[in-house]
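The structure appears right after this line, and notes come after that.
The values are calculated or read from the model by the stated rules, or taken from the named source; none is laboratory data. Everything numeric here is computed off the predicted structure, so don't read it as measured data. No Cβ is skipped: glycine too gets one built from the backbone with ideal geometry, and neighbour counts run over all protein chains shown.
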Amino acid sequence: MILFNNVSFSYENSEELAVSSIHAHIDRGEFVGIIGPSGAGKSTLVNLINGVIPHHHKGDFYGEVLVCGRDTVESSCGEISHHVGSVFQDPESQMVSTVVEDEIAFGLENFNIPADEIETRMAEALKMAGIEHLRHESTAALSGGQKQRVTIAAAIALRPKILVLDEPTSELDPQGSRQVFKTLKRLNQEYDMTILIVEQKVMLLSEFCSRLMVMEKGRIIMDGPVRQVLEHHDKLLELGINCPRVVTLTKLLKNASLYSGEFPVDVDEAESVIRKIMEGAYDQY
Ligand SMILES: Nc1ncnc2c1ncn2[C@@H]1O[C@H](COP(=O)(O)OP(=O)(O)O)[C@@H](O)[C@H]1O
Ligand SMILES: [Mg+2]
């Protein structure tokens, strides 16, 4: 679905590369979490997928990005948007309408979706984003978190093959954030949607994603299955990334020679590990 072939990019008026020597490929149906400190190049990476770079942000572009087999430099943003849905870091930058339902209808009308289909998709997207009650609200009156949900609903309604989201839960509470991840998981499973999400909440990434990419100074420094990446717990801490408690706890258990298996990625799995330790199931360690 997505191929980065030795991609580097620097914004105009900037000497430094915002991303450098990126090699990655993302297959259909993957659910990828992207983490890294501020300024690591996460937003730049996702904006290379949706064509915002190089079509809106100018600069020096090296290498190639292929999305659904097409070079993003040679496709217009409009063409790319038929495959890639985007939820940007700042919801206001992407909102165009004054009423919630118009915001969601806007993209659908642009894609020439028939009116009855628009209604079906709108109802589904509002429900999935948990904002059915906001349908007739003025967008100006919404909280930051509600705006985030509206931009998510607008993106979902278009049913893109690929959905990229840049810190879409930054203004949501823990429950709201989890609900967004559950919705993404559903889209990933039911529509085989390929999802890339930049997110600070590592616990949610570790629970819902299949793959984690860690960025530092414009490079992808780790890329692999969630469990494998979380094993580099010390490096992540060094980058200021807070590992989920289940990882910290597992590390302690490993250091104490009480456990030597795979890293659990959620509370249920950690509970099962601890239960087995208590029951002496790992006594061979
Ligand atoms: N529009 C821009 N113009 C110039 N430099 C930018 C722009 N956007 C980002 N940068 C720079 O590119 C680097 C990567 O930024 P970004 O991709 O936004 O990182 P992240 O999303 O991980 O915080 C940073 O050094 C940042 O200052
Ligand atoms: Mg960013």
How many of the residues in the range 36-66 are out of contact with any helix residue (DSSP H, G or I) (no Cβ under 6 Å at 6 or more places or on another chain) and of a type in the set (V, I, T)? 4
Subset of the range 92-123 (residues that are part of a loop (DSSP other than H, G, I, E, B) and either not assigned by TED's automatic domain parsing to the domain that holds A153 or not hydrophobic (A, V, I, L, M, F, W, C) (or both)): S97, T98, N112, P114
Residues that are in a strand (DSSP E or B) and aromatic (F, W, Y): does the range 73-91 have at least one? no
Is it fair to say V7 is part of a strand (DSSP E or B), among the aliphatic types (A, V, I, L, M) and either in contact with a Ser or Thr (Cβ under 7 Å, 6 or more places away or on another chain) or surrounded by fewer than 16 Cβ atoms within 10 Å (Cβ to Cβ) (or both)? no
Considering only the range 157-178, I want to know if a residue exists there that is in a helix (DSSP H, G or I), closer than 27 Å to E79 by Cβ, more than 16 Å from ligand 2 (Cβ to nearest atom) and modelled with pLDDT of 95 or more. yes
Taking into account only those residues within the range 141-181 that are more than 16 Å from K201 (Cβ to Cβ) and hydroxyl-bearing (S, T, Y), which is surrounded by the most Cβ atoms within 10 Å (Cβ to Cβ)? T151
